[in-house]
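Novice: Below is a structure I'd like to ask you about.
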Amino acid sequence: MSAIARAPSSSGAVTDPIRVMVVDDSVVIRGLLGRWLDEEPGLAVVASHRNGRLAVDDVLRSNPDVVILDIEMPDMDGLTALPLLIEKKKNLVVVVASTLTRRNAEISLKALSLGAADYVPKPESNSGVTTSAEFRRELIEKVTNLGQRARSRGLPGHAPAGRPASRLPQGAGAPPAPHGALRASRPSSFTIRPYSSARPRILTIGSSTGGPQALNTLFGEIGSAIGMVPVVLTQHMPPTFTAILAEHITKAAGRPAAEGRDGEVIQPGRIYVAPGGKHMLLAKNGNDVVVRLSDAPPVNFCKPAVDPLFKSVVDIYGTATLAVVLTGMGADGAEGVRRIGEVGGSTIAQDEESSVVWGMPGAAAHTGMCSDVLPLHDIGRKVSKILLGGRP
């Protein structure tokens with residue numbers, strides 16, 4: 001059975017709410033998510049279904065902007081329903097909800113390759129969902145921001161080609177984004193600083209929403225230049241997911257990628273992924289540089305977070321630091337980018353048009369400390385050229 005929820009009245013503050021469909025085989029979960037979403041200004045649950053088949057049959061009639069899609073359901077599961085939903089409504093945002101098992105992590109990453117915009121890890125029990133403030137916060141944040149992105153710009157695959165950022169002298173551009181801010185519109189200009197004259201000795205990357213797809217593209221295009229330096233990266237992901245992500249990156253890069261292990265000496269040509277639930281940093285140990293894992297509190301609501309990694313990298317490598325900030329919500333990484341710029345290192349941020357959400361790269365760009373703001377498909381070639389010693 002499906003249930004249609006009421007939309008906010010015309011007297012409410014939001015006149016054009018983001019329309020949400022909830023698809024889950026648990027009536028308890030459907031009811032809970034429906035209440036959470038309907039309580040948020042600017043969101044309205046327009047349909048609720050117990051399986052994928054009902055959702056596919058109803059998607060044109062209910063016309064949601066965002067679908068929250070469970071993985072394991074009777075009759076038609078989420079992975080089967082996903083491409084059918086997107087085929088019926090081309091600009092639909094699908095957020096996959098799955099529990100933290102290895103199988104579901106693999107399915108969630110598969111869903112991203114099939115067109116899902118993002119995933120949200122779901123506590124394993126109904127009681128866990130009910131009491132998890134973090135799950136509620138993350139769900140609402142993703143629905144809101146991905147829905148806004150789809151409404152205002154269209155999905156990346158359907159967006160018009162981006163125009164390059166204007167290059168202005170340092171100090172002449174727009175002010176930095178406020179901490180945690182999301183940029184909804186394209187800025188008229190950026191402050192672009194020169195690339196470092198030092199050849200990079202490390203590549204460090206930060207990403208979040210849309211990151212797994214972006215990372216596969218980036219590593220596929222960097223090519224053999226990855227062998228020149230160690231690569232360290234933080235992708236906002238929970239435990240289990242990061243191990244699967246590393247396996248996917250290994251295939252895309254043709255180089256070994258794995259979760260970083262505490263005390264591990266980093267080596268050129270290897271890719272170290274921050275494990276879910278831990279911050280990953282670098283530290284000196286004699287003449288070696290080693291991985292350090294930290295159980296410190298979340299930074300920017302994230303664990304792992306990008307800022308601790310970036311700051312630890314630049315403290316060791318200074319002007320020989322090359323950083324990349326890819327698609328993601330929030331502003332994690334911006335303070336690290338500021339530090340990299342202050343010591344003379346280089347950062348490339350992904351542009352708005354090619355980002356699923358232009359939060360993290362937008363915040364990085366607005367520090368005035370980036371050396372380029374580029375479309376995703378240009379970043380890999382640029383990084384490769386720089387690592388091989390070419391002029392940026």
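Novice: If you wrap a convex hull around the Cα atoms of the stretch 301-382, how much volume per residue is inside, in Å³? Write down the numbers at each step before the final one.
Specialist: Details: hull volume 6.5 nm³, N = 82.
Cα-based convex hull of the stretch 301-382, divided per residue, equals 80 Å³.
Novice: Length gain on complete extension for the stretch LYS90 to ALA243, per 0.36 nm per residue less the alpha carbon to alpha carbon distance?
Specialist: Details: separation 153, 0.36 × 153 = 55.08 nm, distance 3.13 nm.
Working it through step by step, the gained length comes to 52.0 nm.
Novice: Below 8 Å between Cα atoms, with a sequence gap of 6+, how large is the relative contact order for the stretch 169-387 in percent?
Specialist: Details: 581 pairs, mean separation 62.1, N = 219.
Once normalised by length, the contact order is 28 percent.
Novice: Shifting gears a bit: Which angle between 0 and 90 degrees, to the nearest 10, do you get for helix 133-153 versus the longest principal axis of the chain when only C-alpha atoms count?
Specialist: Once rounded, one gets 90 degrees.
Novice: If I fit a long axis through the Cα atoms of helix 78-88 and take the longest principal axis of the Cα atoms of the chain, what angle between them do I get, 0 to 90°, rounded to 10?
Specialist: Once rounded, the angle reads 80 degrees.
Novice: Among GLY34, PHE135, SER152, pick out the residue whose Cα is farthest towards the positive end of the charge dipole of the stretch 18-156, where Lys and Arg carry +1 and Asp and Glu carry -1 on C-beta, about the Cα centre.
Specialist: The one lying farthest along the dipole's positive direction is SER152.
Novice: Under the 0.36 nm per residue contour assumption, what length would be gained going from the current alpha-carbon distance of LYS110 and VAL343 to full extension?
Specialist: Working: separation 233, 0.36 × 233 = 83.88 nm, distance 3.95 nm.
Contour length minus Cα-Cα distance gives 79.9 nm.
Novice: Could you give P(r) for the stretch 242-310, binned at 10 Å from zero, as whole percent values over all Cα-Cα pairs?
Specialist: Answer for the stretch 242-310: a P(r) of 22, 48, 28, 2 percent.
Novice: Provide the per-residue ³J(HN,Hα) series for the stretch 279-294, in order, calculated from phi with Karplus coefficients 6.51, -1.76, 1.60 and θ = phi - 60°, each as a whole number of Hz, with x at glycine and proline positions.
Specialist: 7, 10, 10, 10, 8, 7, 9, x, 8, 9, 10, 10, 7, 10, 9, 10
Novice: Debye calculation, C-alpha points only, no solvent: report log10 I(q)/I(0) for the chain at q = 0.09, 0.10, 0.13 Å⁻¹, in the same order as the q values.
Specialist: Those come out to -0.51, -0.63, -1.03, one per q.
Novice: Run lengths n ≥ 4 of DSSP H only: what is the helix-derived mean residue ellipticity at 222 nm for the chain, with -39500 (n - 2.57) per run over all residues, to the nearest 500? Don't skip to the answer; put the middle values down first.
Specialist: Numbers: 12 runs with 138 residues, N = 392.
After summing the helix terms and dividing by the residues of the chain, the value is -11000 deg cm²/dmol.
Novice: Assuming 0.36 nm per residue, please report the length gained on full extension of the stretch ASN287 to ARG137 beyond their Cα-Cα distance. Intermediate results must be reported in sequence, preceding the final value.
Specialist: Details: separation 150, 0.36 × 150 = 54.00 nm, distance 4.29 nm.
Separation in residues times 0.36 nm, less the Cα-Cα distance, equals 49.7 nm.
Novice: Another one. Based only on Cα atoms, what mean projected area does the convex hull of the stretch 188-255 have, in nm²? Please report the intermediate quantities before stating the final value.
Specialist: Values: hull surface 24.3 nm².
So the mean shadow area of the Cα hull is 6.1 nm².
Novice: How tilted is helix 334-343 with respect to the longest principal axis of the chain? Cα atoms for both, answer in degrees (0 to 90, nearest 10).
Specialist: Approximately 10 degrees, to the nearest 10.
Novice: Only four residue types carry charge here, +1 at the Cβ of Lys and Arg and -1 at the Cβ of Asp and Glu. Report the dipole size of the chain about the Cα centre in Debye, rounded to the nearest 20.
Specialist: On the way: 42 positive and 37 negative charges, 206 e Å.
My answer is approximately 980 debye.
Novice: So in the chain, what percent of DSSP beta bridges are antiparallel if you round to the nearest 5? Please list the in-between numbers first.
Specialist: Working: 10 of 55 bridges.
The answer is about 20 percent antiparallel.
Novice: A further question follows. Evaluate E = 1/(1 + (r/R0)^6) for ASP315 and GLU39, where r is the Cβ-Cβ distance and R0 equals 51 Å; express this FRET efficiency to the nearest 0.05.
Specialist: Values: r = 43 Å, r/R0 = 0.85.
Efficiency, from the Cβ-Cβ distance: 0.70.
Novice: Sticking with this one: Which distance in Å, rounded to a whole number, links the C-alpha centroids of the stretch 88-107 and the stretch 323-392?
Specialist: When both Cα centres are located, 27 Å separates them.
Novice: How big is the stretch 251-392 on each of its three principal axes, counting only the C-alpha atoms and giving the largest first in Å?
Specialist: Taking max minus min along each principal axis of the Cα atoms, the stretch 251-392 gives 38, 36, 34 Å.
Novice: Rounded to two decimals, what is the ratio between the C-alpha radius of gyration of the stretch 18-156 and 2.2 N^0.38 Å?
Specialist: Values: Rg = 13.4 Å, N = 139, 2.2 N^0.38 = 14.3 Å.
Output field value: 0.93.
Novice: Provide the FRET efficiency to the nearest 0.05 for the LEU100-ARG261 pair, computing r from the beta carbons and using R0 = 22 Å. List each step's numbers first, then the result.
Specialist: Working: r = 20 Å, r/R0 = 0.93.
So the FRET efficiency works out to roughly 0.60.
Novice: Whose amide H sits under 5 Å from the amide H of ALA97, counting only residues 5 or more places off or on another chain, with H placed in the peptide plane?
Specialist: Close amide H contacts, sequence-distant or interchain: LEU69, ASP70, ILE71, VAL120.
The numbers here are math on the coordinates, done by the rules we state, and not lab data. As the structure is a prediction and not an experimental result, all values here were calculated from the model. Positions of Cβ are generated from backbone atoms using ideal geometry, with glycine treated the same way; all protein chains shown enter the neighbour counts.
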